[in-house]
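Asks: The structure's right below; bear with me while I get my questions together.
The values are calculated or read from the model by the stated rules, or taken from the named source; none is laboratory data. This one's a predicted model, so the numbers in the text were calculated from it and none came from an experiment. For neighbour counting, all protein chains shown are included, and Cβ atoms are generated from backbone atoms with ideal geometry for every residue, glycine included.
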Amino acid sequence: MTDPVVGLVLEGRYRLEERVARGGMSTVYAATDLRLHKTVAVKVMAEHLAHDPTFVDRFTREARAAAMLSHPNVVGVSDQGSDQGLVFLVMELVRGRTLRDLLSARGRLTVAEAFAVLEPVLAGLTAAHRAGIVHRDIKPENVLIGVDGVVKVADFGLARAVVGTGQTSQTGGVLIGTVAYLSPEQLERGRADARSDIYAAGIVLYEMLTGHPPFGGDTPLAVAYQHVHHDVPAPSAEVPGLPWQVDELVARTTRRDPAGRPLDAGAFLAELTDVRTDLGVEPVPVPTGQSTAGPGTLRPTNRPTRPRPGHPSNPGTAVLGERADRTGRTSMLPGMGAGPTTDVHGRRPAPGRPRPGVPDHVRRRRARLIIAIVLLMAVTVGAVGWWLGSGRWTDVPELTGKQEAAAIDLLQDAGLDPDPVVREWSEEVPEGVVISSDPASGEVIRGTDVRVVVSKGLERYTVAPELVGLPVDEVEARLQADLPIQITRGQDYDDAVPPGHVIRFDPPAGTALKRDQLVTVVISQGRAPVSVPDVTGQTPEQATSNLEAQGFVVQRIEDGRSDQVDRGEVMAVEPGPAAGPVPYGSTVRIQVSAGVPLVTVPDVVGRSGDEAASILEQAGLEVEATRFFGNRVLRQSPAAGETVERGTSVTILLSFG
């Protein structure tokens, strides 16, 4: 039957070409990105879940979690959206198979092959853990092996960002994950951190070495019980000849107490590298489907080859909730289980002596049912009694003044949830230390959310140095939008910064500022005023050069006359030095001397010699008298009315009048 979704174009960009995989909650299609002309994978949420906010949130969380990562061993997610009633995300298309397909075809892997697959998985998880992301659903179905041998971690649909000390919790709903790979803390308390991913990766390593997970059972509850109450057996118990170092590595990474496991995927990868070195295991190519083991190397597993209930060969996601619901999900309280239907190695116990007339398979089914019912009733009665008595209540520990990580550990040890963790600025409490909690003390019901307020330290802000030199209006707009500070203006001259642009800040840019602190934005007024130099007595060329060097515009006006300055020299400057500093670039006018001033020769003919001499001297002329019997001016030279330079000598002839 043709898939009706094939051929659709989502958001006018992604054309769905063919269906490549299908699960209970989503379907994956190979698609063409019409904008970039490349092939991508489009995961489309199942139609019956598209209207469920919980699953839509999970779908969106997967896109955001994977988009935060950029690593060659993580399937990249590039887009997310909804169109035509379909909720989808766009990711990298990996051509190849899953680790589940490989194990189904091969049975199990050699130590070298298992290391070759696990190392890139841990490298991808290391990038996620260092970005503050916990995957929470590591299993063979989520490990993709490309045809080129590149291993990638997929499906961050259950991933959550780290809260507080790196713990994720889900206290009010159901616990989602594949039960065969869930850590004890996820099964008991619904909490997960990076060490939970380590546990799942250790289970995957066990499965690659043996061909099956360590625990099996007829129901997910039976498998969960074994994870909580039994240690993972040594792989060498299933595959004789495996090195003891490999057994220890599996044991360290699958300890029931999270504190005994490596801190994160990076620590697991370092331990794996040490084991590889100790054993001298040479790197081999990642197996892509063809066995590299010889005929006698790969022996059959001691597990049944047909799928068993709860066995991950059925790659569905198991769900454990707080109570039975209409979908038939099984309820499980912390520490409860239906009783072990298998031993610690995942093997069913040997059957007892059959009763006459009862087939073996009927007898075994009845025995398992009776044991499960008895154990479930006993555990339920005990748990309910404890819970209704003192078990429901716990004391809120004193958190104020403690480091955030220590405070969250105290809450979780008391059976309380640090939700939410609020961060606030504080002038008194150091960063990362608890300021307060609500409730702060007293006896409360287990599972109560405790609001923890953690200090972010001193509230400080800085002005970016790159704002210097920008226009003042732009700078003020950015400061008002980005920083909770007060702004005022100042002015100053600056030879390099244009007028109206920011010269500097006071306090300087980069200084740690408190909220609402006043910051002065100093604005350039351009170049500072300049004093006019005294250029009188200089040639016009010299005066012009000196004035222009100071930024002035020089204008020469009509020549004048001066008896103080020689001809051809500057006799006057306007504005002059006495005017004080003037704006940079002002116009300065200079006047060049054409010689001494001119005067008009007065008429002194007929006057007495003394009177004539006095008049001529007052006019700035020199007197040269020639006396010829008398004291009256008979004649003068130059003649009266002529224009001559001041200081010119006038000859007068004195005679009888």
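Asks: Could you say whether any residue in the stretch 510-521 is closer than 25 Å to P583 by Cα, among the hydrophobic types (A, V, I, L, M, F, W, C) and touching a residue at least 12 places away in the same chain (Cβ under 8 Å)?
Replies: Yes - at least one qualifying residue is present in the stretch 510-521.
Asks: Could you list, in sequence order, all residues of the stretch 570-592 that are loosely packed, with under 15 Cβ neighbours inside 10 Å and within 60 Å of the chain's Cα centre (by Cα)?
Replies: A579, G580, P581, P583, G585, T587
Asks: Does T39 satisfy the criteria of being more than 26 Å from the chain's Cα centre (by Cα) and over 21 Å from P140 (Cα atoms)?
Replies: Values: more than 26 Å from the chain's Cα centre (by Cα): yes; over 21 Å from P140 (Cα atoms): yes.
In short, yes.
Asks: Within the set of pairs 6+ apart or on separate chains, which have a first residue in the stretch 96-119 that is over 11 Å from T288 (Cβ atoms), a second that is of a type in the set (D, E) and surrounded by fewer than 19 Cβ atoms within 10 Å (Cβ to Cβ), and C-beta atoms under 8 Å apart?
Replies: A112/E282
Asks: Could you list, in sequence order, the residues of the stretch 552-569 that are more than 30 Å from E645 (Cα to Cα) and surrounded by 14 or more Cβ atoms within 10 Å (Cβ to Cβ)? Show your work before the answer.
Replies: If we filter the stretch 552-569 for residues that are more than 30 Å from E645 (Cα to Cα), which is where we start, we get 552-553.
The one that is more than 30 Å from E645 (Cα to Cα) and surrounded by 14 or more Cβ atoms within 10 Å (Cβ to Cβ): F552.
Asks: Got at least one residue in the stretch 442-451 being at pLDDT 85 or above and within 28 Å of A512 (Cα to Cα)?
Replies: No; the residues of the stretch 442-451 include none that is at pLDDT 85 or above and within 28 Å of A512 (Cα to Cα).
Asks: Still on this model: Which condition from (1) over 40 Å from the mean Cα position of the chain (by Cα); (2) touching a residue at least 60 places away in the same chain (Cβ under 8 Å) is the one that L269 breaks?
Replies: Status for L269: all satisfied but (1).
Asks: Looking at this structure, is V599 in contact with a Phe, Trp or Tyr (Cβ under 6 Å, 6 or more places away or on another chain) and surrounded by 13 or more Cβ atoms within 10 Å (Cβ to Cβ)? It would help to see each step written out before you state the result.
Replies: Details: in contact with a Phe, Trp or Tyr (Cβ under 6 Å, 6 or more places away or on another chain): no; surrounded by 13 or more Cβ atoms within 10 Å (Cβ to Cβ): yes.
In short, no.
Asks: Hey, another quick one. Scan the stretch 440-449 and give yes if some residue there is β-branched (V, I, T) and either touching a residue at least 60 places away in the same chain (Cβ under 8 Å) or over 30 Å from A405 (Cβ atoms) (or both), otherwise no.
Replies: Of all residues in the stretch 440-449, those β-branched (V, I, T) come to 444-445, 448.
Applying the additional criterion that residues be either touching a residue at least 60 places away in the same chain (Cβ under 8 Å) or over 30 Å from A405 (Cβ atoms) (or both) yields none.
Checked against the condition, which is being β-branched (V, I, T) and either touching a residue at least 60 places away in the same chain (Cβ under 8 Å) or over 30 Å from A405 (Cβ atoms) (or both), the stretch 440-449 yields no hits at all.
Asks: Can you name every residue in the stretch 578-616 that is modelled with pLDDT of 90 or more and in a helix (DSSP H, G or I)?
Replies: E611, A613, S614, I615, L616, listed by residue number.
Asks: Give the number of residues within the stretch 246-288 that are in a helix (DSSP H, G or I) and in contact with a His (Cβ under 6 Å, 6 or more places away or on another chain). Step through it out loud before you land on a result.
Replies: Restricting attention to the stretch 246-288, the residues satisfying the condition of being in a helix (DSSP H, G or I) are 246-253, 258-260, 265-279.
Remaining after also requiring in contact with a His (Cβ under 6 Å, 6 or more places away or on another chain): 265.
Number of matching residues: 1.
Asks: It is to be established whether one or more residues within the stretch 576-587 are of a type outside the set (D, E) and either farther than 30 Å from P498 by Cα or touching a helix residue (DSSP H, G or I) at 6+ places or on another chain (Cβ under 8 Å) (or both). Quick ask: steps written out before the conclusion?
Replies: Our first condition is that a residue be of a type outside the set (D, E); within the stretch 576-587, this holds for 576-587.
Subsequent filtering for residues that are either farther than 30 Å from P498 by Cα or touching a helix residue (DSSP H, G or I) at 6+ places or on another chain (Cβ under 8 Å) (or both) retains none.
No, there is no match, as no residue in the stretch 576-587 is of a type outside the set (D, E) and either farther than 30 Å from P498 by Cα or touching a helix residue (DSSP H, G or I) at 6+ places or on another chain (Cβ under 8 Å) (or both).
Asks: Next question, about the same structure. Would you confirm, using the coordinates I've provided, whether R108 is under 30 Å from G241 (Cβ atoms) and part of a loop (DSSP other than H, G, I, E, B)?
Replies: yes
Asks: Another question about this same structure. Within the group A30, A50, which residue is among the hydrophobic types (A, V, I, L, M, F, W, C) and touching an Asp or Glu at 6+ places or on another chain (Cβ under 6 Å)?
Replies: On the way: A50 fails: touching an Asp or Glu at 6+ places or on another chain (Cβ under 6 Å).
Exactly one residue qualifies, and that residue is A30.
Asks: Every residue in the stretch 162-216 that is assigned to a strand (DSSP E or B), at pLDDT below 80 and in contact with a Ser or Thr (Cβ under 8 Å, 6 or more places away or on another chain), please.
Replies: Hits for the stretch 162-216 are V163, I176.
Asks: Considering only residues that are of a type in the set (A, V, I, L, M) and outside any strand (DSSP E or B), look in the stretch 411-438 and name the one that is nearest to G190 (Cα to Cα). Write out each step before concluding.
Replies: Of all residues in the stretch 411-438, those of a type in the set (A, V, I, L, M) come to 411, 414, 416, 421-422, 429, 433-435.
Pick out the ones that are also outside any strand (DSSP E or B) and you get 411, 414, 416, 429.
Working: L411: 15, A414: 15, L416: 12, V429: 32 Å.
Among residues in the stretch 411-438 that are of a type in the set (A, V, I, L, M) and outside any strand (DSSP E or B), the one nearest to G190 (Cα to Cα) is L416.
Asks: Still on this structure, please answer the following. Step by step: first the residues of the stretch 513-540, then only those that are loosely packed, with under 13 Cβ neighbours inside 10 Å and either in the same structural domain as P577 (by TED's automatic domain parsing) or hydrophobic (A, V, I, L, M, F, W, C) (or both), then the one that is nearest to A464 (Cα to Cα). Which residue is that?
Replies: Here the residue is L518.
Asks: Here's another thing I want to ask about it. Within the bounds of the stretch 237-258, is there any residue that is under 26 Å from R446 (Cα atoms), hydroxyl-bearing (S, T, Y) and crowded, with 24+ Cβ neighbours inside 10 Å?
Replies: Start the filter on the stretch 237-258 by keeping residues that are under 26 Å from R446 (Cα atoms), which leaves 255-258.
Still in the list and also hydroxyl-bearing (S, T, Y): none.
Scanning the stretch 237-258, I find no residue that is under 26 Å from R446 (Cα atoms), hydroxyl-bearing (S, T, Y) and crowded, with 24+ Cβ neighbours inside 10 Å, so the answer is no.
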